[in-house]
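Written out below as structure tokens is the structure these notes cover.
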Amino acid sequence: MGIERNTFDIVIVNGRPAAGKSEIIDFLKKVPLEERIEKYHIGEFEEIDDFPILWERFEDDDIFEEMGLPRVFTDKYFEYEGKRYEGYVFKEKWFWNFLIKKLNLLYEKKLRDNPNYHDKYTLLVEFSRGSEHGGFKTAYQYLSDKILSKAATLYIYVTWEESLRKNRRRFNPDRPDSWLEHALEDKKLEMLYKESDWEEFTKDDPNFLHVKDFKIPYAVFNNMPEKTDDPAKIKPHLEEVMKRLWENYKKIHS
């Protein structure tokens, strides 16, 4: 277990789109290993994120369409508040939970290939969810017991308005599949993510998420006003948040 080497086994990184999740992960990559272990309790780490899986399905359906075949998972237009807009969406809401199952599978493969995976690695699991497609409460129900039993959660807080602002800022139309530069159309972002169940999900306990039979420690990085635009602003707050998260993680795993 990571507790013996002063590191988390798994950190689930959640937040609204463009909240700052990817920027924090990018910051951690640049922190020297010994300092990262000491201050953030993250050793050598790998990431799994549902965005590349999601985007590949859009690309797959475009290829199917070019071949004269029907689109399988996605549509290129969506209806919202009585109007029709251009933009990729999933045909069925169950696909959001399918993505979580895919993350489970990626983790299973890591354990298969290296049964002592956590002797070396912390795994970061990144995803966003809005109430419209089930929210965080539903997503966590689909995470495997293997993940839930080893996880802590870092939530990056921004308001809906800030998510919209930063989503617009980071959009690069030439790199829609980019980890740091992808973005959603305004109306799609509003439809999918304006309403969030995070506060409802966490209201009964300020320190632990209660999912199935598991207690998952969580802590909130408050990115209001924005800190993830400057590593010097990320550092002190992230140290404070991860210290608190680690103390609660030890309560579960000691």
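The values are calculated or read from the model by the stated rules, or taken from the named source; none is laboratory data. None of these values were measured; they are calculated from a predicted model. Cβ sites come from the backbone with ideal geometry, for glycine too, and all protein chains shown count toward neighbours. Note: accessible area is taken over every heavy atom of the protein model, side chains too, but ligands, DNA and RNA are not part of it. Shrake-Rupley method; radii C 1.70, N 1.55, O 1.52, S 1.80 Å.
Compare K30, K194, K21 in a GNM of the chain, Cα atoms joined below 10 Å, and give the one with the largest fluctuation. It is K30.
For the range 1-112, what is the charge dipole size about the Cα centre, in debye to the nearest 20, if Lys and Arg each add +1 at the Cβ and Asp and Glu each add -1 at the Cβ? Write out the running numbers ahead of the final one.
On the way: 19 positive and 25 negative charges, 65 e Å.
Its charge dipole is roughly 320 debye.
A Cβ-based charge dipole, computed about the Cα centre of the range 104-254 with Lys and Arg at +1 and Asp and Glu at -1, lands at about 460 debye. Computed with a 1.4 Å probe over protein heavy atoms only, the accessible area of H237 comes to about 30 Å². When the Cα gyration tensor is reduced to axis lengths a ≥ b ≥ c, the ratio a/c is 1.5 or higher for the range 115-254, and with a/b above b/c it is classed as prolate.
Compute the accessible area per residue over the range 92-136, keeping the other protein chains in place, probe 1.4 Å, unit Å². Don't skip to the answer; put the middle values down first.
Numbers: 2050 Å² over 45 residues.
Each residue of the range 92-136 exposes 46 Å² on average to a 1.4 Å probe.
Using a 1.4 Å probe and counting only protein heavy atoms, arrange M191, M224, M67, M242 so the residue with the most accessible area comes first.
Details: M191 35, M224 65, M67 130, M242 5 Å².
Output order, biggest surface exposure first: M67, M224, M191, M242.
Across K137, K29, the residue with the most accessible area heads the list, and the full order at a 1.4 Å probe is K137, K29. Carbon and sulfur together cover what percent of the accessible area of the chain at a 1.4 Å probe radius? The computed percentage sits at 50. Surface calculation, 1.4 Å probe, protein heavy atoms: I147 sits at approximately 0 Å² accessible. Shown are I37, I156, I252, whose ranking by accessible area with a 1.4 Å probe and every protein chain present, most to least, is I252, I37, I156.
In this simple spin-label approximation, E79 and F64 carry label points 7 Å from Cα along the Cα→Cβ vector, and these lie 2.1 nm apart. Residue pairs exceeding 24 angstrom between C-alpha atoms, taken from K166/K235; K146/K235; K102/K227; K30/K212: K146/K235; K102/K227; K30/K212. Basic side chains Lys and Arg get +1 at the Cβ, acidic Asp and Glu get -1 at the Cβ, and with that the dipole of the chain about its Cα centre reaches some 600 debye.
Under a Gaussian network description of the chain, with springs only between Cα atoms under 10 Å, the residue in S196, S144, S163 that fluctuates furthest is S144.
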